[in-house]
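What follows is a set of notes on a single structure, which appears directly below.
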Amino acid sequence: MSETRPYFAHESAYIDDGCRIGAGTKIWHFSHVMSGAVIGERCNLGQNVVVSPDVVLGNNVKVQNNVSIYTGVILEDDVFCGPSMVFTNVINPRSHVVRKHEYRQTRVGRGASFGANCTVVCGHDIGKFAFIGAGAVVTKQVPDYALVVGNPGRIAGWMCECGIKLAGGATPPAKATCASCGLSYLTEGGALARKP
């Protein structure tokens, strides 16, 4: 890492003035961080990643190759974005109509994961530790711990914080315990919550 900055940026990366990047973050080949972006500590941005103005990334966010994170997207700590996954920020884009004032926000909760080539239609929040499967298309809110697959995306199960699928189907189980790490969960208000 450079002595003049607390993060690493490959020589082919382009970092605009006016962005904030936390200590220990790594930005790799041909990536572009635009003015006004805020990136937390210990993040890793793969090759050909674009972070647009006013985007906020928490700490320890991993963004794989070929992902563009557009204005209006907020990623909390520990989010994983798989290769070539897509965020949108306008619901009805037209080349000849300017809609920058119509950007819709997408907030992604702590620890959520996105599989390769999935798409998140803007204006839909993703709950903490949710898991969006490869190629899925998210068209509505996603609750905490939900496993979403398909096009359009549908809840197909529930995930532990460690990334292992919990027993049960699309309806959150009354109680569940992870077979891998032993964390326990309960249903609260129709959604899954970690047992204290």
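The values are calculated or read from the model by the stated rules, or taken from the named source; none is laboratory data. Note that the structure is a prediction, hence the values are computed from the model and not measured. Don't worry about glycine lacking a Cβ; one is built from the backbone with ideal geometry, like all the others, and counts go over all protein chains shown. Heads up: the accessible areas ignore ligands, DNA and RNA and are worked out on the full protein's heavy atoms, side chains in. Shrake-Rupley method; radii C 1.70, N 1.55, O 1.52, S 1.80 Å.
When HIS101 is tested against (1) farther than 27 Å from ALA179 by Cα; (2) at pLDDT 95 or above, exactly one condition is not met: (2). Of the listed requirements (1) in a loop (DSSP other than H, G, I, E, B); (2) open to solvent by less than 40 Å² (accessible area, probe 1.4 Å), ASP54 misses just one: (2).
In contact with a Cys (Cβ under 6 Å, 6 or more places away or on another chain), open to solvent by less than 20 Å² (accessible area, probe 1.4 Å), under 23 Å from GLY169 (Cβ atoms) and among the small types (Gly, Ala, Ser), is that true of ALA146? No, not satisfied.
Residue check: is ILE27 over 20 Å from ASN117 (Cβ atoms) and open to solvent by less than 60 Å² (accessible area, probe 1.4 Å)? Yes, satisfied. Checked against the criteria, GLY153 does not count as at pLDDT 95 or above and under 20 Å from GLU188 (Cα atoms). Looking at region 110-125, is at least one residue touching a Cys at 6+ places or on another chain (Cβ under 8 Å), modelled with pLDDT of 95 or more and closer than 17 Å to GLY72 by Cα? No - not one qualifying residue is present in region 110-125.
Restricting attention to region 175-196 and to residues that are open to solvent by less than 30 Å² (accessible area, probe 1.4 Å) and not in a loop (DSSP other than H, G, I, E, B), the residue that is modelled with the lowest pLDDT turns out to be ALA191.
Among residues of region 92-112 that are in contact (Cβ under 8 Å) with a residue 24 or more places away in the chain, those with a Cβ under 8 angstrom from a residue that is part of a loop (DSSP other than H, G, I, E, B) and open to solvent by 70 Å² or more (accessible area, probe 1.4 Å), sequence gap 6+ or separate chain, pair up as TYR103/TYR70; ARG104/ILE91; GLY109/LYS128; ARG110/LYS128; GLY111/LYS128; ALA112/LYS128.
Just one of the listed residues (GLY163, GLY153, GLY168, GLY157) is within 15 Å of PHE80 (Cβ to Cβ) and of a type outside the set (Lys, Arg), and it is GLY163. Among the candidates SER31, SER2, SER12, SER52, the residue that is modelled with pLDDT under 95 and either in contact with a Cys (Cβ under 8 Å, 6 or more places away or on another chain) or of a type in the set (Gly, Ala, Ser) (or both) is uniquely SER2. Within the option set ALA136, ALA112, being of a type in the set (Gly, Ala, Ser) and over 23 Å from THR187 (Cα atoms) holds for one residue only, ALA136. Screening GLY111, GLY40 for residues that are open to solvent by less than 30 Å² (accessible area, probe 1.4 Å) and on the phi > 0 side of the Ramachandran plot leaves exactly one candidate, GLY111.
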